[in-house]
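Peer 1: Dropping a structure here in structure tokens format, bear with me for questions.
The values are calculated or read from the model by the stated rules, or taken from the named source; none is laboratory data. Keep in mind it's a predicted model, so treat the numbers as computed, not measured. So basically every Cβ, Gly included, is an ideal-geometry build from the backbone, and we count neighbours across all protein chains shown.
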Amino acid sequence: MRIPIYQIDAFTDRLFSGNPAAVCPLEGWLPDGLMQAIAAENNLSETAFFVPEGEGFGLRWFTPACEVDLCGHATLATAHLVLNHLEPSWERVAFASRSGPLEVSRQGDRLMMDFPAYPPRPVDPPEGLAECLGAEPEAVLRSNYLMAVFGDPSQVVDLRPRFGAMIARGIDEAVVTAPGEDCDLVSRFFAPGMGIMEDPVTGSAHCTLVPYWAERLGKGELHARQVSERGGELFCRLDGDRVLIAGRAVTYLEGHIDVGSVVGADGS
């Protein structure tokens, strides 16, 4: 069995930055164990698999360690593949996912994703959070992710989290954020519990970041920057109970995976 595979850098307009995602178009779903094994072999933050479904596609995402409910950069990468390589005459593409219907449409030279909003609420910090992150946040909130807020962007850039301590404390993931200087907000995302020490650019985290910063800054449109080593740019808008997240993407490679030796006649 030969499976097409593309690697696409998302939330960037140049290679070797943004967040790389592997994308595999399929005619039908593979066994879950095989998709997980492929994602582990790729060893990227996410590998996306999609199949034809209705007038759009079914879409699933796997980290090297597990399947996840929502992934922004791999959705952007998949939409880039569909709208720029497979169906360049289309203006939009719809995906069915574990987080409900997701639509991606052209917005000039960007692609805009329509995602659910997950407004965060204040919570008590998990025990040892400051020790794990390496600094004491001003506030801690939670929605789909734990979010730690700092006062200055340099604090976010300078964090050197202790991933072993995070795992030991049961802190599987954390978004860290602060107001920006030449943008509205900055963030980083750590997820050792998902097999990702630091995710270069995390679209799904902005389902929580955008409602928070839109209320705090009193503005609906936000320019966000993820200040990981690779870095990424996101252009966001809060639209009721949805977050619109736009970005660019570039294709790095195209090839195929040969898994014939591990797939039996029954597809298992």
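Peer 1: Would you please list the contacts, defined by Cβ atoms under 8 Å and residues six or more apart or on different chains, that run from a residue in the stretch 2-26 that is on the phi > 0 side of the Ramachandran plot and modelled with pLDDT of 95 or more to a residue that is surrounded by fewer than 20 Cβ atoms within 10 Å (Cβ to Cβ) and in a strand (DSSP E or B)?
Peer 2: PHE11/GLU233; GLY18/VAL250
Peer 1: Is there a residue being in a helix (DSSP H, G or I) and modelled with pLDDT of 95 or more anywhere in the stretch 97-117?
Peer 2: no
Peer 1: Right, next: Can you tell me which residues in the stretch 110-134 are in contact (Cβ under 8 Å) with a residue 24 or more places away in the chain and over 24 Å from PHE49 (Cα atoms)?
Peer 2: Within the stretch 110-134, TYR118, PRO119, PRO120, PRO126, GLU127, GLY128, LEU129, GLU131, CYS132, LEU133, GLY134 qualify.
Peer 1: Select from the stretch 59-78 the residues that are over 15 Å from GLY18 (Cα atoms) and not in a strand (DSSP E or B) and write down the one among them that is nearest to the chain's Cα centre (by Cα).
Peer 2: LEU70
Peer 1: Give, as residue ranges, the strands (runs of 3 or more DSSP E) completely inside the stretch 1-58 that count at least 1 residues that are of a type in the set (Ser, Thr, Tyr) and crowded, with 16+ Cβ neighbours inside 10 Å.
Peer 2: Output list reads 2-10, 46-53.
Peer 1: If TRP90 meets every condition in (1) in a loop (DSSP other than H, G, I, E, B); (2) among the hydrophobic types (A, V, I, L, M, F, W, C); (3) within 23 Å of GLY255 (Cα to Cα) apart from one, which number is that one?
Peer 2: Condition (3) is where TRP90 drops out.
Peer 1: While we're looking at this one, here's another question. Does ARG225 satisfy being within 20 Å of THR75 (Cα to Cα) and surrounded by fewer than 23 Cβ atoms within 10 Å (Cβ to Cβ)?
Peer 2: Spelling it out, ARG225 is indeed within 20 Å of THR75 (Cα to Cα) and surrounded by fewer than 23 Cβ atoms within 10 Å (Cβ to Cβ).
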